[in-house]
Amino acid sequence: MSMRTPQVEPDPTLPPEITIYEVGARDGLQNEKAVVPAAVKAEFIRRLAAAGLATVETTSFVNPQWVPQLADASEVLELLGDEGLGPRRPVLVPNERGLDRALEAGVGAVAIFGSATESFARKNLNRSVDESIAMFAPVVERAQGAGLWVRAYVSMCFGDPWEGPVPVDQVVSVAERLMDLGCDQLSLGDTIGVATSGHVARLLDALHDRGIGVDRIGVHFHDTYGQALSNTLVALRRGVTVVDSSAGGLGGCPYAESATGNLATEDLVWAMAGAGVRTGVDLEALLGTSAWMAQHLGRPSPSAVVRALTPAPA
Ligand code: HMG
Ligand code: MG
């Protein structure tokens, strides 16, 4: 016999309810080698929303030469119509060119994405940290002027593959500069999945001390080292209620060392269901969606919960 739902034992140390910020269609698919047709992406987003994921990041308006996987951003949103728009359907936007494209598509929310380290700012944005913040400033100003909700990611919060350890003060300083642009929410990115529990607590405390409270923070853990869920629990116990995750743990490549996806939404939903924390997500519908997507990608989900609950193909 396999259990398809956990036994519920409420955990009073966790918030009664969390918001899952689903990134599978963006963070997940941006790394896939296989070309996923726009129609499949649109259907994926529709199915995620139907499974109860109220916030779904849909795509990125970045330079299509840099991320060809998401070059079809406008087409995906066109296929989705109203379902792909509104304040709970954010898109990534690095610069004014990206914002122009996003506004043309009619989006209601955007996310800029800064880096705590110089190395990753260069690799990901072709800019220094200072230059990238200067690039974001008019994006945030214009987005807010147009009434959009704006999120700021900060990557490499807990370690950087080129620089190694990243001082907490350095992360806080970049986070402050991004939030000072006027962003509504800060998402703390553990891009390479190296964070551990004490580090998460220390960064949240340091941000709190500088006036960036948990009510404005989301956590974004990649699961490379298997720490994403335990780190999430630390953040929830500190009062964070927005958690980024990707359906099926999408992202990364099984053939590339140390490149794995985000915290799997199924792993998060299972943990929350057992602890009596409301997510609004229907786990069976989500599992069906991840199984369907895995077929399109031609490889199984790395999520432990998906593997436990999905029968092996005959
Ligand atoms: P650049 O090459 O320095 O850009 O890239 P540029 O400003 O010099 O422009 C060069 C050409 O690209 C121009 O065309 C622009 O118009 C065009 P030309 O005039 O020569 O014909 N261009 C664009 N076209 C369409 N849309 C645009 C756009 N921008 C420029 N938005 C840039 C700078 C920032 C654009 C580039 O580095 C880029 O696109 N980077 C994005 C990389 C990316 O998407 N990374 C993944 C997302 S971040 C992430 O995954 C981390 C996160 O999950 C959190 C975590 O885990 O830590 C969020
Ligand atoms: Mg990410």
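Observations
- Residue satisfying condition, being surrounded by fewer than 22 Cβ atoms within 10 Å (Cβ to Cβ), away from ligand 2 (no atom under 14 Å from the Cβ) and not aromatic (F, W, Y), within set G248, G213: G213
- Options S115, S119, S132; residue that is in contact with a strand residue (DSSP E or B) (Cβ under 7 Å, 6 or more places away or on another chain), closer than 19 Å to N262 by Cβ and not β-branched (V, I, T): S115
- Check on E176, at pLDDT 95 or above, closer than 25 Å to H208 by Cβ, in contact with a Leu (Cβ under 9 Å, 6 or more places away or on another chain) and away from ligand 1 (no atom under 14 Å from the Cβ): yes
Listed here are the residues, each with its yes/no results for (1) aliphatic (A, V, I, L, M); (2) within 18 Å of A273 (Cβ to Cβ); (3) more than 16 Å from the chain's Cα centre (by Cα).
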site: P6; (1), (2), (3): no, yes, yes
site: Q30; (1), (2), (3): no, no, no
site: L53; (1), (2), (3): yes, yes, no
site: T59; (1), (2), (3): no, no, no
site: N63; (1), (2), (3): no, no, yes
site: V67; (1), (2), (3): yes, no, yes
site: V76; (1), (2), (3): yes, no, yes
site: V91; (1), (2), (3): yes, no, no
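- Residue in region 199-210 that is buried (at least 20 other Cβ atoms within 10 Å of the Cβ) and within 12 Å of G114 (Cα to Cα) present: no
- Pairs with Cβ under 7 Å, 6+ apart, first in region 74-100 and at positive phi and away from ligand 2 (no atom under 16 Å from the Cβ), second at pLDDT 95 or above and assigned to a loop (DSSP other than H, G, I, E, B): G86/G108
- Per-region count, region 26-69, residues aromatic (F, W, Y) and in contact (Cβ under 8 Å) with a residue 24 or more places away in the chain: 2
- Subset tally (residues that are of a type in the set (A, V, I, L, M) and surrounded by fewer than 19 Cβ atoms within 10 Å (Cβ to Cβ)) for region 1-36: 6
- The set of residues from region 216-232 being surrounded by 21 or more Cβ atoms within 10 Å (Cβ to Cβ), free of Cβ contacts under 8 Å to residues at least 60 places away in the same chain and either basic (K, R) or within 17 Å of L178 (Cβ to Cβ) (or both) comprises I217, V219.
- Scanning region 121-157 for residues that are away from ligand 1 (no atom under 14 Å from the Cβ) and of a type in the set (D, E, K, R) yields a total of 2.
- Per-region count, region 111-130, residues out of contact with any Pro (no Cβ under 6 Å at 6 or more places or on another chain) and either small (G, A, S) or assigned to a strand (DSSP E or B) (or both): 8
- Which listed residue, of V140, V171, V166, is outside any helix (DSSP H, G or I), surrounded by 14 or more Cβ atoms within 10 Å (Cβ to Cβ) and in contact (Cβ under 8 Å) with a residue 24 or more places away in the chain: V166
- Of all residues in region 3-18, none are assigned to a loop (DSSP other than H, G, I, E, B), within 16 Å of ligand 1 (Cβ to nearest atom) and not polar (S, T, N, Q).
- Complete set of residues in region 278-314 that are modelled with pLDDT of 95 or more and in a loop (DSSP other than H, G, I, E, B): T279, G280, V281, D282
- Note on region 101-147: residues that are small (G, A, S) and on the phi > 0 side of the Ramachandran plot total 2.
- Hits in region 185-220 - residues which are more than 26 Å from L148 (Cβ to Cβ) and touching an Asp or Glu at 6+ places or on another chain (Cβ under 8 Å): I192, G193, A206
- Any hit, region 14-21, residues being within 17 Å of G248 (Cα to Cα), of a type in the set (A, V, I, L, M, F, W, C) and within 16 Å of ligand 2 (Cβ to nearest atom): yes
- Residues satisfying the stated conditions in region 64-97, i.e. closer than 15 Å to A38 by Cα, surrounded by 18 or more Cβ atoms within 10 Å (Cβ to Cβ) and charged (D, E, K, R): D72
The values are calculated or read from the model by the stated rules, or taken from the named source; none is laboratory data. The structure presented is a predicted model; accordingly, all values stated were derived computationally and were not measured. Glycine also receives a Cβ, built like all others from the backbone with ideal geometry; neighbour counts cover every protein chain displayed.
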